[in-house]
Amino acid sequence: PPGNETSYFYDADAKHCYELSLYSTMSYAIQDADGGAESECNAASFSSDYSCGSSSSISFGVNLFTNGSDCGQYGKRSSTVHILLSSDVTAPAIISVKEPYVCRYEFLVKVPPGFSVR
C-alpha cells in the first residue's frame, strides 16, 4: 500500500548497498557494507550490517533518522532523509546516498504523487 515501501540503492564508489523502508509507523535505513556488486543490491541478497537510524514518523521534506548502530567515538549512526514528491517516479526511489561525515548519512528520495506519509 502507499506509504509502505522499501527501496535499495547501490553506492558504486563505496561499494555499499542501502535499504530504506518508508512506513507510516516506523521507517528505517540500513547499510550492507560487505562490498557486493550492484546486482546484489536487492531484498534477496541484502545483508543488514549497520542501522543508519530510524524514525517513528515521516513527512515530506527533511526527516531525521536517529539511534542507529554504534560507531565508536562518533556515537550512534544517523541519517537525514529528504523526501520529495515527484511525478517522474512510480514508486519511492532513492536518488542518492552520501556520507558527508563519518557515520552520518544523507538520503535523497523521490516519491510519486499519492504517496502517503501519514
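Taking all Cα pairs closer than 8 Å and separated by 6 or more residues, the relative contact order of the chain comes to 22 percent.
Overall, the accessible surface of the chain at a probe of 1.4 angstrom is composed of carbon and sulfur to the extent of 50 percent. Here is the short version for the chain: C52 have no other Cys C-beta closer than 4.7 Å.
Counting only protein heavy atoms and a 1.4 Å probe, the chain has 53 square angstrom of accessible area per residue. Think of each Lys and Arg Cβ as +1 and each Asp and Glu Cβ as -1; about the Cα centre, that makes the dipole of the chain roughly 480 debye. If you average the sequence gap of Cα pairs under 8 Å that are 6 or more apart and divide by the length of region 33-95, what percent do you get for the contact order? Computed value for region 33-95: 25 percent relative contact order.
Of the options (1) 1.41; (2) 0.99; (3) 1.83, only one is Cα Rg over 2.2 N^0.38 Å as computed from these coordinates, and that is (2).
The values are calculated or read from the model by the stated rules, or taken from the named source; none is laboratory data. Just so you know, these numbers come straight off a predicted model, no measurement behind them. We place every Cβ from the backbone using ideal geometry, glycine too, and count neighbours over all the protein chains shown. Areas reflect the complete protein model, heavy atoms only, side chains present, ligands, DNA and RNA absent. Shrake-Rupley method; radii C 1.70, N 1.55, O 1.52, S 1.80 Å.
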